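Following: one structure in structure tokens, then a few remarks.
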Amino acid sequence: MKLATFDSGEGPRLGAVIDDDRSVVDLGRAFQRRHGHTEAALESMLALIDAGEAGRAAADAAAADPPDDDVTAVTAVRLLAPLPEPRQIRDFLCFEEHLRNSFAQAERMTGRVFEIPKVWYEQPIYYKANRFSVVGPDAEVVWPHYAELLDYELELACVIGTGGVDIARDDALTHVFGWTIFNDVSARDAQMREMAGQLGPAKGKDFDTGNVLGPWIVTADEIGDPQALTMVARVNGEEWSRGTSAAMHHTFADVIAFVSRSETLHPGEVLGSGTVGTGCGLEQGRYLSPGDVVELEIEKIGVLRNRITRRDRP
């Protein structure tokens, strides 16, 4: 099932995307019309995730042969981030090719020599992103006024469905609710400056509209193996990036097991893969410009599209 958060003029609603991505079912209203009462699990994506198996059963019941009045063309609604305010966002760095390519470009820009540290191979590395700066498909990404180099990052992300602590690697993927696309927009000049301080990133990543999720969440049963998905990025229709989730040095099972060591992982948390090899402009020595349209596509999920906007400095 593809699950979306959408707005048809009455505020955010939870929907299921059907008809080859052409239509969206208002799950809460379809359930109420068929069953004569409301269902709390269908009030929002977080409510659905929190409800576990019972919530999924309610969503399946609502999406099965929905009343026509509760089905709308996707083009007639505004898709929001499927999880507008995640409980947490942790973004990992799991692709060796991305790291090597980025270090090579950083050396050209700074004259400093960068080597992949031993710890990167030994454990997953991550930072915590700003969960309040999330936007969705077709939203404008607003260029931070303090930056000159803006970049996209093509990532696969999982949404945790079942929490836990000290999760075994072999059980890790059973804790996944679903999968979505993550554009970790980056202000590269700010990032490079601050990372010399051995902490961060901070303002290289943390700005309004800097975290893009979408276009929807595809439930885990629809994806199958998350380590076998083709990933592509286009800028203004031109392909800039192509890779595969199979190239992750640390898999999602590794990541989930690592994060949950002596720490409870909660439903509604988002874990990003990090950027696939060649999956950003930095690796290629080129960057975004105002007005550019960025499309990130991942096999079995869809396309996440956004336009870059630069506004007058305050």
Discussion item. At R0 = 22 Å, how high is the FRET efficiency between residue 169 and residue 122 if r is their beta carbon distance? Nearest 0.05 is fine.
Written reply: 0.90
Worksheet entry | Accessible carbon and sulfur surface of the chain relative to its total accessible area, %, 1.4 Å | 47 percent
Practice prompt. Evaluate segment 1-157: find the radius of gyration of its Cα atoms, find its Kirkwood radius, and give the ratio Rg to Rh.
Written response: 1.11
Discussion item. Suppose all protein chains stay in the model; what accessible area per residue would a 1.4 Å probe give for segment 200-314, in Å²?
Written reply: 38 Å²
Worksheet item: Taking Cα atoms of segment 90-238, Rg/Rh with Kirkwood Rh, to two decimals?
Response: 0.97
Fill in: ³J(HN,Hα), Karplus 6.51/-1.76/1.60, whole Hz, each residue of segment 102-116, x for Gly, Pro
5, 5, 4, 5, 5, 5, 5, 7, 10, x, 8, 9, 10, 10, 5
Worksheet, complete the sentence: Here segment 174-186 yields Karplus 3J(HN,Hα) values (6.51, -1.76, 1.60; θ = phi - 60°; whole Hz; Gly and Pro given as x) of 5, 8, 8, 7, x, 10, 8, 9, 10, 9, 8, 5, 10
Worksheet item: With each run of n ≥ 4 DSSP H residues scored as -39500 (n - 2.57), what mean residue ellipticity at 222 nm is computed for the chain after dividing by its residue count and rounding to the nearest 500 deg cm²/dmol?
Response: -6000 deg cm²/dmol
Worksheet item: How many angstrom lie between the C-alpha centres of segment 1-69 and segment 80-94?
Response: 21 Å
Worksheet item: Can you list, bin by bin at 20 Å, the percent of alpha carbon pairs in the chain, starting at 0?
Response: 34, 56, 10, 0
Worksheet item: Taking segment 203-279, which GluC sites (Glu not before Pro) meet the DSSP loop condition and have no more than 12 other C-beta atoms within 10 Å?
Response: 263
Discussion item. Per 0.36 nm of contour for each residue apart, how much would the distance between residue 228 and residue 284 grow if the chain were fully extended, relative to their Cα-Cα spacing?
Written reply: 17.8 nm
Discussion item. Tell me which trypsin sites (Lys or Arg not before Pro) from segment 87-155 have a DSSP coil assignment and no more than 15 other beta carbons within 10 Å of their own.
Written reply: 112
Worksheet item: Looking at segment 44-153, which chymotrypsin sites (Phe, Trp or Tyr not before Pro) are in a loop (DSSP not H, G, I, E or B) and have at most 16 other Cβ atoms within 10 Å?
Response: 114, 146
Item to complete: Starting from the Cα of residue 73, step 7 Å along the direction of its Cβ; do the same at residue 196; then give the gap between the two resulting points in nm.
Response: 5.4 nm
Fill in: residue 142/residue 7 FRET efficiency (R0 25 Å; Cβ-Cβ; nearest 0.05)
0.85
Worksheet item: What figure in square angstrom, to the nearest 10, would you give for the accessible area of residue 254 with a 1.4 Å probe?
Response: 40 Å²
Worksheet item: What FRET efficiency, computed as 1/(1 + (r/R0)^6) with R0 = 41 Å and r the Cβ-Cβ distance, is obtained for residue 115 and residue 203, rounded to the nearest 0.05?
Response: 0.95
Item to complete: Hey, can you find the accessible area per residue of segment 1-122 for me, probe 1.4 Å, expressed in square angstrom?
Response: 51 Å²
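The values are calculated or read from the model by the stated rules, or taken from the named source; none is laboratory data. Owing to the predicted nature of the structure, the values given are computational and were not obtained by experimental measurement. Positions of Cβ are backbone-derived with ideal geometry, glycine not excepted, and every protein chain shown enters the neighbour counts. Areas reflect the complete protein model, heavy atoms only, side chains present, ligands, DNA and RNA absent. Shrake-Rupley method; radii C 1.70, N 1.55, O 1.52, S 1.80 Å.
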